[in-house]
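Visitor: Structure incoming, see below.
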Amino acid sequence: MPIGKSTKNKATAFAPATIANVGPGFDFFGFAIDGIGDRVTVAKATMTGVTISSITGDGGKLPMETIGNSASVVALKMLEDAGVDFGLELVLEKGLPLESGLGSSGASSAAAAVATNAILGGRFTPEELVEFARYGEDVAAGAPHADNVAPAILGGFVIVRHGPQQEIVRLDAPKGWFVAVCHPHAELSVKKARKVTPESASIRQLTVNASNAAAAVVALKDNDIGLFGRAIMSDEVVEPARSGVIPGYHEVKDAALVAGASGVSIAGAGPTMFAVTGSRVRAEKIGEAMAVTWKHLGVEAEAYACRFGAEGARVVK
Ligand code: HSE
């Protein structure tokens, strides 16, 4: 469906959860998953600026002030750029747990961008929407990383090519790949996870991570889930540091592998973990094994089986 295809007075968009980093792809790999996500409704208002009229599903934790909330910041930036003489009232329905590693702030930012674009007559391209949505990540995480917002908007699997001019490279995900996503009832802020992430890596670690990231992309193109799994489990820099702040990480990873996962890693900044596999039934079994392991360790957890590389954000009303 085209993003924001007509001018409306009110629009609602849904944006999916996303899994960023994907092992050696720190800050540059991300993919969308189906089933869970956030919804944002925007309605034209006579007052300029963006006012948040309600937020649900966040347990009262998210800020209602325009400049402190990812969704409203994105909408405001778009209105300013478009130079329109009206404002917006915004309703945010959180379907994703906060600070979970499932791209929660990215989904709110992406849904706000797509809904606002519908009000603006679809004047911005999907790539421009990714740029706007990055402002929301800056507010939430203190870093304008695009590895959640790009797949949240574009769907599929995304490579954020870093350089003087950042470029988004999108791949269709192979059909028939599934993800077990297991979310422990614990929060880990992106800010905290970034603090424990090393600031530099050795040349040997660079070789390991870069070669495995390259292999993961080839595996996607060749529909080789075995290679993909091995490649995403070869992260010598971020996983060793961040697994230390996820209680039970190694036990849950082992449980997923014993249950048949092709590869397992941290979802985004964590604490959610994900495992890839070639069937929905196996993804359900793997998710259950992960959740049971966490529960044995005294941590409540829930698991989902999702399609790998699902559709991106879209207008739903
Ligand atoms: N790339 C970001 C990080 C993703 O790991 O800090 C956060 O969801």
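Visitor: If you scan the range 232-250, which residues turn out to be more than 26 Å from H296 (Cα to Cα) and over 20 Å from the mean Cα position of the chain (by Cα)?
Guide: S234, E236, V237
Visitor: Out of V196, V190, V160, report the one residue that is farther than 23 Å from S243 by Cα and not polar (S, T, N, Q).
Guide: One residue alone meets the criteria, V160.
Visitor: State whether the residues of the range 62-72 include one that is modelled with pLDDT of 95 or more, within 16 Å of the ligand (Cβ to nearest atom) and assigned to a strand (DSSP E or B).
Guide: no
Visitor: Among the residues of the range 249-267, write down those that are more than 16 Å from the ligand (Cβ to nearest atom), among the small types (G, A, S) and within 24 Å of E187 (Cα to Cα).
Guide: A255, A256, G263
Visitor: Look at T18 and say whether it is of a type in the set (S, T, Y) and more than 17 Å from the chain's Cα centre (by Cα).
Guide: no
Visitor: In the range 268-283, how many residues are touching a His at 6+ places or on another chain (Cβ under 9 Å) and away from the ligand (no atom under 12 Å from the Cβ)?
Guide: Of the residues in that region, 1 qualify.
Visitor: Identify, from the list A143, A150, the residue that is surrounded by 14 or more Cβ atoms within 10 Å (Cβ to Cβ) and out of contact with any Ser or Thr (no Cβ under 7 Å at 6 or more places or on another chain).
Guide: Selected residue: A150, the only one of A143, A150 that is surrounded by 14 or more Cβ atoms within 10 Å (Cβ to Cβ) and out of contact with any Ser or Thr (no Cβ under 7 Å at 6 or more places or on another chain).
Visitor: Additional query: Output yes when any residue across the range 157-166 is exposed (fewer than 13 other Cβ atoms within 10 Å of the Cβ) and in contact (Cβ under 8 Å) with a residue 24 or more places away in the chain, and no when none is.
Guide: Yes, the conditions are met somewhere in the range 157-166.
Visitor: If you don't mind, another one. Filter the range 168-210 for residues that are over 16 Å from the mean Cα position of the chain (by Cα), under 26 Å from L154 (Cβ atoms) and of a type in the set (K, R) and give the result.
Guide: K175
Visitor: Six or more apart or on different chains, Cβ under 6 Å: which pairs go from a residue in the range 288-306 that's under 28 Å from P174 (Cα atoms) to one that's at pLDDT below 95 and surrounded by fewer than 16 Cβ atoms within 10 Å (Cβ to Cβ)? Could you list them?
Guide: C306/G35
Visitor: Mind checking which pairs have a first residue in the range 249-269 that is of a type outside the set (A, V, I, L, M, F, W, C) and a second that is part of a helix (DSSP H, G or I) and within 15 Å of the ligand (Cβ to nearest atom), Cβ under 7 Å, 6 or more apart or different chains?
Guide: Y249/S243; H250/S243; G263/I232; S265/I232; S265/E239
Visitor: Let me ask something else. Only residues in the range 193-217 that are closer than 21 Å to H145 by Cβ count as the first member; pair them with residues that are within 15 Å of the ligand (Cβ to nearest atom) and among the basic types (K, R), Cβ under 8 angstrom, at least 6 apart or cross-chain, and list the lot.
Guide: Short answer, once both residue conditions are applied: A193/R242; V196/R242; T197/R242.
Visitor: Do any residues in the range 126-154 that are basic (K, R) have Cβ atoms under 7 Å from those of residues that are outside any helix (DSSP H, G or I), where the two are at least six apart or on different chains, and which pairs are they?
Guide: Close Cβ pairs satisfying both conditions: R134/P144; R134/A146.
Visitor: Within the range 210-230, how many residues turn out to be touching a strand residue (DSSP E or B) at 6+ places or on another chain (Cβ under 8 Å) and more than 26 Å from K192 (Cα to Cα)?
Guide: 8
Visitor: A follow-up question, please. Hey, can you tell me all the residues within the range 84-140 that are surrounded by fewer than 22 Cβ atoms within 10 Å (Cβ to Cβ), of a type outside the set (F, W, Y) and either assigned by TED's automatic domain parsing to the domain that holds A269 or more than 18 Å from the chain's Cα centre (by Cα) (or both)?
Guide: Result: V84, D85, G87, E89, V91, L120, G121, G122, R123, T125.
The values are calculated or read from the model by the stated rules, or taken from the named source; none is laboratory data. All figures in this text were calculated on a predicted structure; none of them were measured in a lab. When we count neighbours, we look across all protein chains shown, and the Cβ atoms used for this are built from the backbone with ideal geometry, even at glycine.
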